[in-house]
Amino acid sequence: EVVGAALTQSPKIDGVIFTGSTAVAKEIEKAIAIHTKSIILIAETGGQNAMIVDSSALPEQVVADVLASAFDSAGQRCSALRVLCLQTEIADKTIAMIQGAMAELKVGNPLNLATDVGPVIDREAQINLQKHIDQTCQYAVSVTHAPVDETAIRHGSFITPVMIELSDITELKQEVFGPVLHVI
């Protein structure tokens, strides 16, 4: 926040390449608009990365890919999986397999080699993610949380990886930048 603001206000910049939220991209756009010279802004924002899985997929590979994409880097990559679309005929089995794999995840300090999922970027992100999870869980078909060792997450802005099954994609209103997987 502080470094980015200082950089975008610098008269020495000719362009900005940004990956993140649409709201922050708009703030950057405002910040560079005050310059007297024209500054290029390239922003990649607000996407919903989806994986569509049909009955021809190897379930074990699907589970490995889902966990790596949705939860590595605490789901804080623009390429992270946000929505998993499953063919009805394989949905129950695939969801059960993902639940089993999630039960093995270790959440905690990334300096510990046994850790699979570390903290999100800051307290604000943690609060916003938790709000989304709490709201979405009110109408979700099912919810699965990875187990958590409270002592391992005592210090830091942790969000436990969660899989939320929804009835319809329209229930998802915005990109969620964290370890939250939505299943349709």
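Couple of notes before you dig in:
- DSSP H segments from the chain that extend 15 Å or more along their own axis, Cα-based, with Kyte-Doolittle mean of 0.5 or above: 59-71
- Taking every C-alpha pair closer than 8 Å and separated by at least 6 residues, the mean separation divided by the residue count of the chain gives a relative contact order of 21 percent.
- Residues with amide H under 5 Å from that of Val16, placed H, sequence gap 5 or more: Ile40, Leu41, Ile42
- Mean accessible surface per residue for the chain, computed with a 1.4 Å probe while every protein chain stays in place, in Å²: 58 Å²
- Helix-only CD estimate at 222 nm, as mean residue ellipticity for the chain, using -39500 (n - 2.57) per DSSP H run (n ≥ 4): -11000 deg cm²/dmol
- Rg/Rg_ref, the chain, where Rg_ref = 2.2 N^0.38 Å and atoms are Cα: 1.16
- Between the amide H of Thr115 and any residue lying 5 or more places away or on another chain, no distance stays under 5 Å, with hydrogens modeled in the peptide plane.
- A DSSP coil position with no more than 12 other Cβ atoms inside 10 Å describes the following trypsin sites (Lys or Arg not before Pro) in segment 1-106: Lys12, Lys37.
The values are calculated or read from the model by the stated rules, or taken from the named source; none is laboratory data. What you see is a predicted model, and the numbers here were worked out from it, not measured in a lab. Counting neighbours? That spans all protein chains shown, and the Cβs are built from the backbone with ideal geometry, glycine included. Note: accessible area is taken over every heavy atom of the protein model, side chains too, but ligands, DNA and RNA are not part of it. Shrake-Rupley method; radii C 1.70, N 1.55, O 1.52, S 1.80 Å.
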